[in-house]
Amino acid sequence: MTLVLDTTPSSPALPTVAPALPTLAGLDRAALAAALETIGVAPKQTRMRVNQLWSWMYVRGVTSFGAMSDVSKELRAKLEGSFSLDRPEIVSEQVSVDGTRKWLLRLPRLGHEARAPEVEAVYIPEAERGTLCISSQVGCTLNCSFCHTGTQRLVRNLEPHEIVGQILLARDRLGDWPGGFSQSHAAGTIPPGDGRLLPSSERKITNIVLMGMGEPLYNFDNVRRAMEVASDGEGLSVSRRRITLSTSGVVPEIPRWGAEAGTMLAISLHATNDALRDKLVPINKKYPIAELLAACRDYPGLSNARRITFEYVMLKGVNDSAADARALVRRLAGIPAKINLIPFNPWPGTDYECSEWGQIERFAEIVNNAGYASPVRTPRGRDILAACGQLRSESVKLRASERT
């Protein structure tokens with residue numbers, strides 16, 4: 001049974017986002033300092049005030065300036081009159097039978113936008129860890145033929161605070177702030193009875209993957225700034241080794257990302273020859289496999305301890321033969337790698353089918369025997385279209401009748 005939560009404004013668990021005031025939640029230190037200067041904070045006090053706000057927002061997770069007890073009443077009043085601590089607005093929240101949660105999130109409308117854009121984020125709990133999959137763009141430009149997100153045109157890049165905001169929102173909903181688990185249950189922000197579906201670890205979000213909507217390397221600077229906030233040891237404190245950026249192969253940006261951001265890297269490969277990958281992942285026409293793998297071999301910090309993950313969706317009769325498995329092993333020779341085999345997750349209108357389980361096992365055996373770890377990713381959240389390749393917001397599906 002899939003649980004769909006009521007997220008209308010009347011629901012006490014989900015306060016309505018007030019779009020009138022810009023939010024400070026999700027900003028980096030430089031942006032916070034600039035914001036404080038606009039309300040008259042003296043330059044010599046800016047660093048101290050930024051550190052105060054940083055601790056309250058990213059260590060304690062407060063959602064009101066009134067809770068900031070070590071900030072003067074005068075400054076709190078100025079902050080309340082000029083800013084908010086709003087997160088993205090939850091349009092809907094679905095909880096799968098396996099505990100996976102999917103949020104459809106509405107972002108504040110920018111000046112040129114006719115309506116507020118929407119993105120999706122997904123939380124995947126396991127026994128001792130929890131992974132948050134976040135989006136970097138509204139829509140996508142890549143048009144990968146097996147991916148539902150690719151059927152939605154690109155609307156815009158997400159701003160850094162909108163990317164971080166997904167993390168804050170998820171931590172709110174999961175009670176993943178210090179002492180927050182029982183408080184969130186008491187406040188009604190966790191669906192009753194769902195505590196059993198959360199990991200046993202103290203932190204409910206242990207890993208972050210940039211595998212949601214969009215190609216993160218096409219929004220490089222904003223994603224990098226957001227991950228600097230996420231990995232800051234004095235705030236959200238997610239280790240860079242627990243952050244993974246997934247790219248379809250924007251080759252020129254791969255070494256730059258490794259040098260400037262230093263997170264783990266995942267490559268959406270899905271084919272071992274250019275003819276097939278051109279069809280499955282059209283960006284391959286611009287950056288063919290040989291160029292992509294050369295960039296992977298040169299990825300800064302690459303080692304057996306910091307392997308690249310290659311994602312390979314299993315498509316029946318398309319890329320799942322024993323010959324494909326052997327070709328994959330030859331292609332990746334010399335790259336410290338892990339290969340994630342992903343059973344295809346169907347979506348309405350697709351022409352592809354998932355490989356038979358026996359064929360997936362035979363494929364995995366060939367890869368394993370060649371010395372590569374090749375776990376088969378257990379499909380999660382299929383019943384709520386939250387699995388890999390299934391994310392697609394409704395941002396661009398507004399009909400004329402709905403605009404009246």
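The values are calculated or read from the model by the stated rules, or taken from the named source; none is laboratory data. Remember, predicted model here, so these are calculated numbers, not experimental data. Quick reminder, even Gly has a Cβ in these numbers, built from the backbone with ideal geometry, and neighbours come from all protein chains shown.
General observations
- Residue selected from region 343-364 under the condition touching a strand residue (DSSP E or B) at 6+ places or on another chain (Cβ under 8 Å) and in a loop (DSSP other than H, G, I, E, B), by the criterion farthest from PRO375 (Cα to Cα): TYR352
- Segments classed as helices (runs of 4 or more DSSP H), wholly inside region 252-315, with at least 1 members that are without any contact (Cβ under 8 Å) to a residue 24 or more places away in the chain: 274-280, 289-297
- Yes/no for GLY249 being within 16 Å of the chain's Cα centre (by Cα), assigned to a loop (DSSP other than H, G, I, E, B) and at positive phi: no
- Selected residue (only one of ASN319, ASN340 is in a loop (DSSP other than H, G, I, E, B) and among the polar types (S, T, N, Q)): ASN319
- Test: residue in region 109-121 that is assigned to a strand (DSSP E or B) and within 16 Å of HIS161 (Cβ to Cβ): yes
- Selection count, region 232-246, where residues are outside any loop (DSSP other than H, G, I, E, B) and hydroxyl-bearing (Ser, Thr, Tyr): 2
- In region 140-151 there is no residue matching the filter, namely being assigned to a helix (DSSP H, G or I), buried (at least 22 other Cβ atoms within 10 Å of the Cβ) and at pLDDT 80 or above.
- Verdict on LEU132 being buried (at least 19 other Cβ atoms within 10 Å of the Cβ), of a type outside the set (Ser, Thr, Tyr) and either at pLDDT 95 or above or within 15 Å of LEU210 (Cα to Cα) (or both): yes
- Of the residues in region 84-99, at least one is hydrophobic (A, V, I, L, M, F, W, C), at pLDDT 95 or above and out of contact with any Asp or Glu (no Cβ under 8 Å at 6 or more places or on another chain).
- Taking the criterion of being outside any loop (DSSP other than H, G, I, E, B), within 18 Å of ILE208 (Cβ to Cβ) and charged (D, E, K, R), the residues of region 152-173 that qualify are GLU162, ARG171, ASP172, ARG173.
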